[in-house]
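The values are calculated or read from the model by the stated rules, or taken from the named source; none is laboratory data. Quick caveat: nothing in here was measured; it's all calculated off a predicted structure. Backbone-built Cβ (ideal geometry, glycine too); neighbour counts: all protein chains shown. Heads up: the accessible areas ignore ligands, DNA and RNA and are worked out on the full protein's heavy atoms, side chains in. Shrake-Rupley method; radii C 1.70, N 1.55, O 1.52, S 1.80 Å.
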Amino acid sequence: MNQKGITHSSKTTSIFDSTFKKLSNRRSYMMLLFILGLPVHIVTFILFLLKKEQYQQPYRKAYENSKQEIVSKGYVEAWKQQFLEQENRKASFFHESLSKEQINKNVDLLVQEKLQKEVEKQVDLLGLEEYTYQNFFIHLLQNKKFLIVSAIPGLLMYSFLLLYSNPFVQFIFERVIQTLFVILGVATLVFTILYISPLDPARNILGVEATPEQIENFNQLYGLDQPYFVQLWHSLSGLFTFDLGTSFAGKEDIMASIANKFPVTLEIAVFSLLMAIIIAIPVGIISAIRPNSFLDYSFMILALIGLSIPAFWQGLIFILTFSLELNWFPATYNPQNWLSLVLPVVVLGTSLTASIARMTRSSMLEVIHEDYIITAKAKGLNERKVVFQHAIRNAMIPIITVIGLLFGGMLGGASVTEKVFNISGIGSYIVDKQFIPDIPAILGGVVYIAITISIVNLIIDITYAFFDPRIRSKMKKEG
Amino acid sequence: MKVISNGKLLLKITQEYGNAHFTLSFSAIFSFLFLLYSFNFNSQTVRPIVLTLFLIYLLTTLYVWFISKQIKRDLATSREIQKRTRLLGIPLIFTILVGNIFSSSYGFTLITKNKTPEYIFAIYAFLTQILIIGISGLNLFKPYVVDSFLLAISLFIALTIFYGVMLVLVANLVSSTFAPKWMLPIGIVLLFPLLTGNLFSFLLGFGLIKKARNKDASSIEKWQKMWRKILSNSMAVFGLFFIIFMFSLSVISPWTFDYDFATENNYSAILQTPTLEYPLGTDDFGRDLFSRIVFGAQISLIVGFSATVIPSVIGGTLGALSGYYGKKTDNIIMRLLDILYAIPGILLAIAIIAAFGANTVNLIIALSVGSIPTYARTMRATVMQISNYEFVESARALGASDSSIIFKHIVPNSLAPMIVKATLTIGGAVISTSSLSFLGLGVEPHIPEWGNILKIGSTYLETHSYLAIFPGLCIMLLVLSFNFFGDGLRDALDPKTN
């Protein structure tokens with residue numbers, strides 16, 4: 001039992017010191033580690049200064065010894081000759097006329113550099129290392145007692161080191177931080193755009209006859225008279241605490257409206273996505289297996305038409321044919337009637353279906369010409385097996401990324417479809433609010449959609465790293 | 001010379017045979033559509049004009065089918081298309097008079113064996129001009145025409161004859177590497193019809209000048225190769241044709257179309273169904289839908305091009321800097337662009353328009369800002385790849401500065417993916433423009449723009465559906481053309497996809 005405990009602890013200590021060694025080579029990480037473990041570092045740095053005299057001695061001595069050894073063996077003279085020849089040749093090649101002094105200076109510099117390198121190599125062979133703070137701290141980290149004592153004041157630093165000890169965890173952590181940065185940036189950007197707007201919501205709501213006092217009162221009520229950073233802070237904290245106050249017009253609770261409308265949009269978007277995947281991937285695969293056939297041409301022309309058709313026009317034509325002429329589906333959306341969902345889902349999903357089908361085709365075509373597919377065929381596998389077991393799995397990777405990105409575009413484009421079918425989703429909410437402009441409502445709508453998209457993409461990226469062995473091995477190599 | 005013995009392979013590589021099938025299917029589709037439209041289901045009557053069109057298209061289809069059989073027989077017996085079969089193409093040329101651009105251009109390509117890019121340009125310059133005359137000519141049925149109408153039409157007729165003559169000359173005298181010296185001044189003259197928007201004429205002139213000067217054989221070879229690749233893709237050619245036709249139409253529309261018909265209210269002619277005076281009917285203010293759509297093309301093309309050029313320049317520069325310098329610069333630029341990338345383009349555009357108000361300039365800015373990151377990413381990826389090539393290293397060894405390396409060596413070599421990307425995204429910009437106008441967030445409502453026209457149309461969907469159908473069809477066709485051309489361009493410029 002005891003034995004086991006020791007090996008275990010030595011393993012964790014080795015995680016800390018090896019990760020520290022890795023990270024401390026990069027200046028920005030070193031700074032971060034220093035700040036995170038500040039209480040620990042203050043104490044250890046004083047210790048480092050106190051013990052400096054004691055530990056620096058052996059290294060210095062060994063350094064001097066090996067230096068003298070190299071000089072006495074006459075290596076330095078040989079190097080000098082070599083470098084002199086090199087410099088002369090260089091000068092003659094570039095037709096430069098350098099004075100003897102200059103050349104000697106260059107040669108001296110080169111010799112010194114080489115000498116230093118050689119000496120360091122020698123000392124390194126002896127197993128001695130220079131007494132720096134970095135090395136001192138790594139030694140401390142190898143000490144179990146030190147770890148226990150410093151565990152609480154250095155908690156932040158140690159958890160950071162733990163995060164970075166595994167390349168996969170490190171990847172997830174960095175990706176999450178990046179997403180947070182993007183979300184914060186999006187909120188700031190959208191707020192800034194709305195803040196520098198020359199339009200005046202107060203005038204638009206109160207009317208042209210409003211007195212200056214009324215307008216001032218309005219601006220005060222919604223905090224519009226405050227400086228930029230105060231307003232920005234209010235908006236950001238409002239966004240992240242889910243409390244955006246009331247809208248300018250109608251005085252309704254913005255968060256409640258968004259919470260009501262968001263699921264509607266999301267429902268239609270998810271159904272469209274499902275429809276797109278179910279139709280597009282088989283179509284793309286069939287086209288890729290029989291390239292340049294009649295079926296391939298028809299599918300791809302259809303896909304291109306699907307990409308080129310404006311969603312709102314397609315919606316109008318669908319309403320005209322399927323609602324007004326044929327009476328199959330209702331023309332406007334009604335949450336109680338699932339039939340009314342069909343037309344909006346098809347319209348919203350059309351361009352997505354077309355893009356995914358084209359992407360699937362090109363991705364499959366690329367994979368089908370890889371060597372391992374030829375190997376599989378040469379092995380005597382039938383075509384079905386080759387396509388389903390070897391080709392599709394590898395072709396899916398870029399397709400999934402594209403689906404993630406397009407899903408975002410679809411959420412954004414939903415506003416047009418929602419307007420055509422009179423759906424009270426988040427998209428049409430934003431459009432309705434923009435005429436005033438109702439700053440917190442637009443901000444909330446746009447930022448929450450952007451957050452949804454960022455999170456979807458984050459999840460896709462992480463799942464990838466989890467499932468794709470190629471990405472995992474690449475991460476390990478880099479880490 | 002190699003002799004291809006396999007008959008099937010010979011059929012496959014004979015362009016005329018493949019194109020015959022292409023023409024055949026499109027003529028068949030159109031005759032089917034005409035057949036459908038020839039019967040008015042509501043009033044149970046036959047539309048005689050449409051029925052005639054249907055018959056002509058049907059005849060054309062059968063004729064092309066006959067030609068394809070002839071070609072097949074020729075190839076089987078003598079391995080090449082006989083002169084007699086080639087002459088069968090002549091009657092096909094005249095189908096342009098009923099608007100069958102597919103069979104007409106096929107007729108032209110069948111007649112001669114010598115198909116240089118210049119010949120193809122001459123064909124399409126000719127066809128574009130004829131169609132422009134036809135479309136402008138519809139104004140003759142209006143109560144009056146603009147003052148410049150007669151002058152413009154006679155100029156177009158002169159140009160058409162000029163292109164016709166060039167067609168014969170190019171077919172007989174210009175080869176893939178050579179053109180007679182005296183064609184140089186003609187080539188220069190051919191550059192000027194660019195002012196009427198006829199880009200085909202410009203391309204023809206440019207090609208002729210290149211070949212007549214006969215100075216740089218490799219550049220002629222490059223020109224020849226690139227266009228041959230693009231032009232061998234029929235869909236791409238028709239995409240290009242429709243784009244240039246629309247462009248030309250929007251350039252010349254102020255000379256032959258009266259803007260008043262598109263904008264002035266005429267309460268005596270409200271919501272009329274299509275007639276010769278109003279080829280596509282009128283809207284709820286009595287404005288001529290046909291003129292409105294023609295003038296709408298202008299706005300759509302201007303917004304589409306600006307919203308593509310501006311972000312590709314800004315995004316391209318940022319991407320090039322980011323890709324070339326790497327490390328910190330790359331990190332800062334790309335992380336900032338990630339923020340823009342996280343907001344869907346349309347939503348960002350809505351937010352910007354909400355802040356600054358709805359008008360054309362704001363619309364262009366709004367659409368441009370949203371698409372900067374995609375261009376930056378494309379450029380960055382290409383530049384990163386090219387920065388590692390030897391010619392960049394040698395430029396650096398010769399002491400070139402960073403800016404000259406980027407803009408003289410790297411950027412010109414990484415333009416191809418950007419051009420393809422831009423062509424493929426103009427269509428998206430056109431759709432976004434009309435979508436935003438449809439929502440009341442784009443072009444000002446009084447300007448005839450396709451989205452605005454559709455917005456009015458959507459309120460009369462039940463009673464006057466043509467108000468919504470025609471502008472939508474135009475948007476779709478224009479976007480489709482950009483997509484087809486972009487696909488063709490990508491296949492021609494990017495060897496990887498082949």
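Laid out as a table, the results:
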quantity: Three semi-axes of the equivalent ellipsoid, the stretch A:256-343, Cα gyration tensor, whole Å, largest first; calculated: 30, 18, 11
quantity: Spherically averaged projected area of the stretch B:36-125 from its Cα convex hull (nm²); calculated: 7.2
quantity: For the stretch B:205-211, Karplus couplings with θ = phi - 60° (6.51, -1.76, 1.60), whole Hz, Gly/Pro x; calculated: x, 4, x, 5, 4, 4, 6
quantity: Cα gyration tensor category, rounded, prolate or oblate, for chain B with a/c compared to 1.5; calculated: oblate
quantity: Under Karplus coefficients 6.51, -1.76 and 1.60, residue-wise ³J(HN,Hα) of the stretch B:454-468 in Hz, glycine/proline x; calculated: 5, 4, 5, x, 5, 7, 10, 4, 6, 9, 10, 5, 4, 4, 9
quantity: Longest site-free stretch - chain B; sites: trypsin sites (Lys or Arg not before Pro), DSSP loop, at most 13 other Cβ within 10 Å; calculated: B:216-498
quantity: Inter-chain Cβ neighbour average for residues B:459-468, partner chain, 10 Å; calculated: 3
quantity: Where a label projected 7 Å from the Cα of B:N266 along Cα→Cβ would reach, residues of the stretch B:109-151 with amide N under 14 Å; calculated: B:138-146
quantity: In degrees, nearest ten, helix A:342-368 long axis to first principal axis of chain A (Cα); calculated: 40
quantity: Mean separation of Cα contacts under 8 Å (6+ apart) over length of the stretch A:57-195, as relative contact order %; calculated: 23
quantity: Accessible area buried at the B-A interface, both sides summed, 1.4 Å probe (Å², nearest 100); calculated: 3800
quantity: Chain B - percent relative contact order, Cα under 8 Å, separation 6 or more; calculated: 12
quantity: Surface share of carbon and sulfur [accessible, 1.4 angstrom probe, percent] for the stretch B:258-493; calculated: 63
quantity: Alpha-carbon Rg/Rh ratio, for the protein assembly as shown, with Rh computed the Kirkwood way; calculated: 1.04
quantity: Within 10 Å of each Cβ in A:292-305, the average number of Cβ atoms from other chains; calculated: 2
quantity: Förster-model FRET efficiency, 25 Å R0, A:L47 and A:E120, C-beta, rounded to 0.05; calculated: 0.45
quantity: Cleavage-rule hits (trypsin sites (Lys or Arg not before Pro)) in the stretch A:149-251: DSSP loop, at most 12 neighbouring Cβ within 10 angstrom; calculated: A:K251
quantity: Shielding by partners - mean other protein chain Cβ count within 10 Å, residues of A:197-206; calculated: 1
quantity: Between the stretch A:208-272 and the stretch A:320-378, the Cα center-to-center distance that results, in Å; calculated: 36
quantity: Vicinal HN-Hα couplings computed from phi for the stretch A:177-185 (Karplus, 6.51 cos²θ - 1.76 cosθ + 1.60; Hz; Gly/Pro x); calculated: 4, 4, 4, 4, 4, 4, 4, 4, x
quantity: In range of the label at B:K181: residues from the stretch B:213-251 whose backbone nitrogen is under 17 Å from the point 7 Å along Cα→Cβ; calculated: B:213-216
quantity: Coarse-grained scattering of the stretch A:254-435 at q = 0.08, 0.17, 0.19 Å⁻¹, given as base-10 log I(q)/I(0) from a Debye sum over alpha-carbon atoms; calculated: -0.32, -1.02, -1.18
quantity: Nearest-10 value in Å² for the accessible area of A:S165, using the 1.4 Å probe; calculated: 40
quantity: Normalised alpha carbon radius of gyration of chain A [divisor 2.2 N^0.38 Å]; calculated: 1.47
quantity: Translational diffusion of the stretch B:174-229, µm² s⁻¹ [Kirkwood Rh, Cα pairs; Stokes-Einstein; 25 °C; 0.890 mPa s]; calculated: 217
quantity: Efficiency of FRET between B:F305 and A:N334 - r from beta-carbon atoms, R0 45 angstrom, step 0.05; calculated: 0.60
quantity: FRET E, pair B:L477, B:K72, Förster distance 35 Å, beta-carbon r, rounded to 0.05; calculated: 0.60
quantity: Distant-in-sequence amide H partners of A:G245 (H built 1.01 Å from N, under 5 Å); calculated: A:I254, A:M255
quantity: Accessible area expressed per residue, the stretch B:322-434, with surrounding protein chains retained (probe 1.4 Å, Å²); calculated: 42
quantity: Accessible area of chain A divided out per residue, in Å², using a probe of 1.4 angstrom; calculated: 57
quantity: Kirkwood-based Rg to Rh ratio, the stretch A:15-165, C-alpha trace; calculated: 1.17
quantity: At most 12 other Cβ within 10 Å, DSSP loop - trypsin sites (Lys or Arg not before Pro), the stretch A:355-399; calculated: A:K379
quantity: In Å², nearest 10: area of A:E101 left accessible to a 1.4 Å probe; calculated: 150
quantity: Sulfur and carbon atoms: percent of accessible area, chain A [1.4 Å]; calculated: 62
quantity: Rough spin-label spacing in nm, given labels placed 7 Å along Cα→Cβ, for A:K385 and A:N422; calculated: 5.8
quantity: Charge-dipole axis of chain B as Lys and Arg at +1 and Asp and Glu at -1 on Cβ define it, positive-most pick from B:L62, B:G239, B:G18; calculated: B:G18
quantity: For the stretch B:179-228 and the stretch B:316-352, distance of Cα centres in Å; calculated: 39
quantity: A:H41, A:H234, A:H95, A:H390, ranked by accessible area, largest first (probe 1.4 Å); calculated: A:H95, A:H234, A:H390, A:H41
quantity: Rounded accessible area of A:M255 (nearest 10 Å², 1.4 Å probe); calculated: 30
quantity: 5 angstrom amide H check on B:F39, placed H, neighbours 5+ away; calculated: B:R47
quantity: Nitroxide proxy distance, nm - points 7 Å out along Cα→Cβ at A:R27 and B:K8; calculated: 6.8
quantity: Virtual spin-label span in nm between A:A151 and A:E370, 7 Å along Cα→Cβ; calculated: 4.6
